[in-house]
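Report on the structure given below.
The values are calculated or read from the model by the stated rules, or taken from the named source; none is laboratory data. All values derive from a computational prediction rather than experimental measurement. All Cβ positions, glycine included, derive from the backbone under ideal geometry; neighbour counts span all protein chains shown. Protein only, heavy atoms only, side chains kept; ligands, DNA and RNA dropped before computing areas. Shrake-Rupley method; radii C 1.70, N 1.55, O 1.52, S 1.80 Å.
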Amino acid sequence: MEIEKLKEQIIDALNLEDLTPADIEDDAPLFGEGLGLDSIDALELIVLMEKFYGIKLQNPAEGKNIFKSVNCMAAYIEANRTK
Amino acid sequence: MIRIIADNILSPLGATTAENLAAVREGRSALAEHRHEGMPEAFVASLFDTPLSFEEGLKLGIRAALADAEAKGRPVNPSAADTLFVVSSTKGNIADFEPLADSARRVAQHFGNANRPVVVSNACISGLSALITAKRLLESGEYRTAIVVGYDVQSKFIVSGFQSFKALAPDPCRPFDGDRCGLNLGEAVATMVLTVSANEGGWIMRSGAVNNDANHISNPSRTAEGSLRAIEGALTLKDADGSQSVIAADDLACISAHGTATLYNDEMEAVAIDRAGLSHVPVFSLKGYYGHTMGAAGLLESIITLHAVEEGWIPATRGFEEEGTSRPINVSGNVREVALGDDGKPKRKVLKLLSGFGGCNAAVVFELQDNLSRPTVIDRTEAAGLSADVRVTISSPASLTELYKELKAKDEANGNYPKFYKMDPLSKLGYIASEMLLEKEAAMTGCERFTAREDRAVVICTRHGSLADDLAYQDTISRADEYFPSPAVFVYTLPNIVTGEIALRNHYYGETSCFDNLDNDNMTIERLVRTAFADRRITSVIGGWLDYVDADHFSADLAVYHSKE
């Protein structure tokens with residue numbers, strides 16, 4: 001799982017225009033203060049996982065643990081990807 | 001007085017108000033599993049057996065309401081010069097990607113009406129917004145009768161969007177229940193005919209208010225800021241001599257809530273009802289019978305509420321078993337009797353609530369009056385003139401991103417607003433125009449920006465609304481092998497989101513309204529801006545025209561309006 005590529009996908013999907021992959025720390029929280037993401041962004045991350053990795057997340061509440069940090073998300077994708 | 005003289009509900013439960021009322025009384029629902037072509041997942045909704053197009057639906061509803069008026073001995077001439085059509089819809093004719101105003105005009109013309117219809121597109125509160133706007137326009141003396149009609153077709157466009165929001169329940173919804181897990185969508189055409197009339201008995205529209213949460217474009221406020229203010233606004237009455245009185249909680253027969261059965265909406269409404277001191281008043285939701293009928297909801301749910309209360313009963317909340325909100329409110333899964341008031345007669349005032357995306361909330365109070373022989377004074381708000389003290393216009397060609405960067409460079413402290421990049425083009429245009437306008441205002445008047453205020457409204461007219469974003473969203477659902485409906489794109493397909501973005505950026509808790517208008521015609525726009533001043537809390541309006549077709553065709557014309565009164 002290439003972390004840089006995932007960061008680029010996140011920046012693109014969430015329109016984080018002013019950010020570069022270097023601005024997103026691997027272990028820093030994605031939600032809360034950090035990047036200023038909200039509930040719609042969380043739903044977009046679910047779409048991202050389906051679109052690029054074939055992961056269907058039915059219960060959005062599960063996102064809370066998966067989207068803790070980029071590292072967390074990458075680990076989840078690695079374990080569950082179908083494409 | 002603004003009196004309701006006729007109505008109609010056309011829904012999967014019946015073609016007349018009487019049939020619908022009987023169905024609700026008996027606890028029937030048309031919620032069932034459906035599947036749209038090209039969609040991977042099934043959904044539970046209340047849909048017409050035979051697809052009914054937006055314009056045909058509006059015509060059928062209006063025709064039935066006119067027949068009802070005739071049957072009640074109050075015939076209405078739809079082609080009269082003082083009859084106004086008011087249409088309520090979120091995405092009514094999305095199948096054709098056409099401005100709502102075009103459909104509305106064709107429907108009005110079908111009935112021989114030459115007036116430019118008012119089209120309200122204020123997300124899920126549209127039905128109540130339409131009633132409130134109709135009431136204000138009637139009170140200004142310009143029209144004598146308003147035919148208010150609401151409808152939304154539950155197309156693949158809408159259903160996939162709600163699915164992407166993970167907002168749909170897999171079963172019939174359970175409003176206010178501890179196990180609620182989302183909403184169902186529904187189709188219905190609902191029509192109310194309002195007229196200016198002295199007291200002759202029957203239901204009147206007593207008051208109404210709209211307030212924004214200034215919190216988030218899709219999440220309701222956890223403290224119910226907008227809904228609470230809308231309730232307070234609707235419960236406060238102005239008497240003819242200018243004095244104020246407040247409708248007491250004990251005077252309310254019931255509250256007809258929005259009650260969509262999403263976790264956050266129902267919790268927010270419980271907080272609003274509790275904070276307003278209404279936690280003991282019987283509350284119910286009709287979503288378990290009809291689903292969420294969007295543009296029709298405010299009208300349909302008001303009609304059922306008024307007829308039920310007139311018959312002495314309060315509808316059951318279908319799907320409700322156990323209390324599931326943090327604040328206790330008085331919900332029941334059973335039909336209840338209307339309680340008696342201090343005069344020994346059944347209570348005769350009801351409160352209707354709705355909330356929607358874009359942070360908007362609406363509340364309306366209806367009152368059942370006795371047939372009095374003593375004539376009452378007809379309320380009339382003389383339309384005061386408007387002054388547009390500060391004005392900004394933008395038109396294509398221009399780069400919205402470059403304009404944003406210029407604003408950002410000018411004001412390092414406040415100009416950085418990364419959310420700009422998440423907005424659809426209409427909201428970007430509205431953001432830039434309102435920023436330029438408010439900077440200009442601050443420079444001219446020395447007023448401070450970003451202080452929370454509830455005395456300022458946002459009233460926007462548009463023709464193409466969110467068309468550019470509609471096409472972008474359609475692109476995410478049009479191919480079976482690339483079917484990834486985007487919630488972030490879908491949310492902006494509600495054109496009123498731009499009003500929410502402006503309220504959110506500037507902490508405005510006042511009214512926010514969005515109208516679909518044929519063009520940038522100053523007379524209509526000022527007439528609609530003026531209606532916002534009917535809410536006595538409002539002292540200024542950010543209002544005007546925003547329209548975006550594509551990068552080469554857009555225009556903005558916004559002003560800060562004050563009333564000359």
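Could you go through the stretch A:70-82 and let me know if any residue there is closer than 26 Å to B:F420 by Cβ, away from chain B (no Cβ under 14 Å) and touching a residue at least 24 places away in the same chain (Cβ under 8 Å).
Pass one, the stretch A:70-82, residues closer than 26 Å to B:F420 by Cβ: A:70, A:73.
After this cut, where a residue has to be away from chain B (no Cβ under 14 Å) as well, the list is A:70, A:73.
Retained after the next criterion (residues that are touching a residue at least 24 places away in the same chain (Cβ under 8 Å)): A:70, A:73.
Yes, that holds for at least one residue.
For the list (1) assigned to a helix (DSSP H, G or I); (2) in contact with a strand residue (DSSP E or B) (Cβ under 7 Å, 6 or more places away or on another chain); (3) open to solvent by 10 Å² or more (accessible area, probe 1.4 Å), I need the number of the one condition that B:W203 fails.
Failing condition for B:W203: (1).
Going through the stretch B:303-323 one residue at a time, which ones are assigned to a helix (DSSP H, G or I), out of contact with any helix residue (DSSP H, G or I) (no Cβ under 7 Å at 6 or more places or on another chain) and not acidic (D, E)? It would help to see each step written out before you state the result.
Filtering the stretch B:303-323 down to residues assigned to a helix (DSSP H, G or I) leaves B:303-311.
Those left that are additionally out of contact with any helix residue (DSSP H, G or I) (no Cβ under 7 Å at 6 or more places or on another chain): B:305-306, B:309-311.
Within the stretch B:303-323, B:T305, B:L306, B:V309 meet the criteria.
So for the stretch B:148-155 (the condition being in contact with a Gly (Cβ under 8 Å, 6 or more places away or on another chain) and over 30 Å from B:M1 (Cα atoms)), does at least one residue qualify?
Yes, the stretch B:148-155 has at least one match.
Could you pull out the residue among B:F48, B:F85 that is part of a loop (DSSP other than H, G, I, E, B) and either surrounded by 15 or more Cβ atoms within 10 Å (Cβ to Cβ) or within 21 Å of the chain's Cα centre (by Cα) (or both)?
After applying the criteria, what remains is B:F48.
Which residue pairs have Cβ atoms closer than 7 Å, lie 6 or more positions apart in sequence or on different chains, and pair a first residue in the stretch B:531-545 that is touching a residue at least 24 places away in the same chain (Cβ under 8 Å) and aromatic (F, W, Y) with a second residue that is open to solvent by 10 Å² or more (accessible area, probe 1.4 Å) and part of a strand (DSSP E or B)?
Between residues of the stretch B:531-545 that are touching a residue at least 24 places away in the same chain (Cβ under 8 Å) and aromatic (F, W, Y) and residues that are open to solvent by 10 Å² or more (accessible area, probe 1.4 Å) and part of a strand (DSSP E or B), the close pairs are B:F533/B:S563; B:W545/B:S555; B:W545/B:D557.
Could you pull out every one of the helices (runs of 4 or more DSSP H) wholly within the stretch B:461-565 that has 2 or more residues that are modelled with pLDDT of 95 or more and within 24 Å of B:V107 (Cβ to Cβ)?
B:467-477, B:522-532
Go through the residues of the stretch B:140-162 one by one and say whether even a single one is within 14 Å of chain A (Cβ to nearest Cβ), open to solvent by less than 10 Å² (accessible area, probe 1.4 Å) and either in contact with a strand residue (DSSP E or B) (Cβ under 7 Å, 6 or more places away or on another chain) or not basic (K, R) (or both).
yes
Go over the candidates B:K428, B:K422 one by one and state the one that is buried (at least 20 other Cβ atoms within 10 Å of the Cβ), within 13 Å of chain A (Cβ to nearest Cβ) and in contact with a Leu (Cβ under 6 Å, 6 or more places away or on another chain).
After ruling out the rest, the residue left standing is B:K428.
Identify all residues within the stretch B:22-45 that are of a type in the set (G, A, S), in contact (Cβ under 8 Å) with a residue 40 or more places away in the chain, assigned to a loop (DSSP other than H, G, I, E, B) and closer than 15 Å to B:N184 by Cβ; write none if there are none.
B:S29, B:A30
Would you pick out the residues in the stretch B:470-496 that are in contact (Cβ under 8 Å) with a residue 24 or more places away in the chain and within 11 Å of chain A (Cβ to nearest Cβ)?
Within the stretch B:470-496, B:Y483, B:P485, B:S486, B:P487, B:A488, B:V489, B:F490, B:V491, B:Y492 qualify.
Could you run through the stretch B:277-291 and say how many residues are of a type outside the set (A, V, I, L, M, F, W, C), surrounded by 24 or more Cβ atoms within 10 Å (Cβ to Cβ) and in contact with a helix residue (DSSP H, G or I) (Cβ under 7 Å, 6 or more places away or on another chain)? Break it down stepwise before answering.
Going through the stretch B:277-291, the residues of a type outside the set (A, V, I, L, M, F, W, C) turn out to be B:277, B:279-280, B:282, B:285, B:287-291.
Narrowing the set further to residues that are surrounded by 24 or more Cβ atoms within 10 Å (Cβ to Cβ) leaves B:285, B:287-291.
After this cut, where a residue has to be in contact with a helix residue (DSSP H, G or I) (Cβ under 7 Å, 6 or more places away or on another chain) as well, the list is B:289-290.
Qualifying residue count for the region: 2.
When you scan the stretch B:216-236, do you find a residue that is away from chain A (no Cβ under 14 Å), out of contact with any helix residue (DSSP H, G or I) (no Cβ under 9 Å at 6 or more places or on another chain) and part of a strand (DSSP E or B), even just one?
Yes, that holds for at least one residue.
Hey, among the residues in the stretch B:92-130 that are touching a Gly at 6+ places or on another chain (Cβ under 8 Å) and in a loop (DSSP other than H, G, I, E, B), which one's modelled with the lowest pLDDT?
B:G92
Tell me which residues, restricted to the stretch B:90-102, are closer than 21 Å to B:L131 by Cβ and out of contact with any Phe, Trp or Tyr (no Cβ under 6 Å at 6 or more places or on another chain).
Passing the criteria: B:T90, B:K91, B:L100, B:A101.
Of all residues in the stretch B:163-181 being open to solvent by less than 20 Å² (accessible area, probe 1.4 Å) and outside any loop (DSSP other than H, G, I, E, B), which is farthest from the other protein chains (Cβ to nearest Cβ)?
That would be B:D177.
Please verify whether the stretch B:447-465 includes one or more residues that are more than 27 Å from B:I132 (Cα to Cα), within 14 Å of another protein chain (Cβ to nearest Cβ) and surrounded by fewer than 23 Cβ atoms within 10 Å (Cβ to Cβ).
no
Looking at A:I11, A:I46, A:I66, which is the one that is within 27 Å of B:F162 (Cα to Cα), in contact with a Cys (Cβ under 9 Å, 6 or more places away or on another chain), of a type in the set (A, V, I, L, M, F, W, C) and free of Cβ contacts under 8 Å to residues at least 24 places away in the same chain?
Only one candidate passes the filter, namely A:I66.
Quick check: anything in the stretch B:432-446 touching a residue at least 60 places away in the same chain (Cβ under 8 Å), within 14 Å of another protein chain (Cβ to nearest Cβ) and either part of a helix (DSSP H, G or I) or within 22 Å of the chain's Cα centre (by Cα) (or both)?
No, that holds for no residue.
Going through the stretch B:5-45 one residue at a time, which ones are under 30 Å from B:T195 (Cα atoms) and surrounded by fewer than 20 Cβ atoms within 10 Å (Cβ to Cβ)?
B:G14, B:A15, B:T16, B:A18, B:E19, B:A22, B:R25
B:L368 is checked against (1) within 30 Å of B:N506 (Cβ to Cβ); (2) open to solvent by less than 50 Å² (accessible area, probe 1.4 Å) and fails just one. What number does that condition carry?
Of everything listed in (1) within 30 Å of B:N506 (Cβ to Cβ); (2) open to solvent by less than 50 Å² (accessible area, probe 1.4 Å), B:L368 misses just condition (1).
Among the residues of the stretch B:255-263, are any within 14 Å of chain A (Cβ to nearest Cβ) and either within 21 Å of B:P315 (Cα to Cα) or not in a strand (DSSP E or B) (or both)? Reasoning before the result, please.
So in the stretch B:255-263, the residues within 14 Å of chain A (Cβ to nearest Cβ) come out as B:262-263.
Narrowing further to those that are either within 21 Å of B:P315 (Cα to Cα) or not in a strand (DSSP E or B) (or both): B:262-263.
Yes - at least one qualifying residue is present in the stretch B:255-263.
Here is a check on your reading of the model: is B:S126 open to solvent by less than 10 Å² (accessible area, probe 1.4 Å), under 17 Å from B:C514 (Cα atoms) and in contact (Cβ under 8 Å) with a residue 60 or more places away in the chain?
For B:S126, the condition - open to solvent by less than 10 Å² (accessible area, probe 1.4 Å), under 17 Å from B:C514 (Cα atoms) and in contact (Cβ under 8 Å) with a residue 60 or more places away in the chain - is met.
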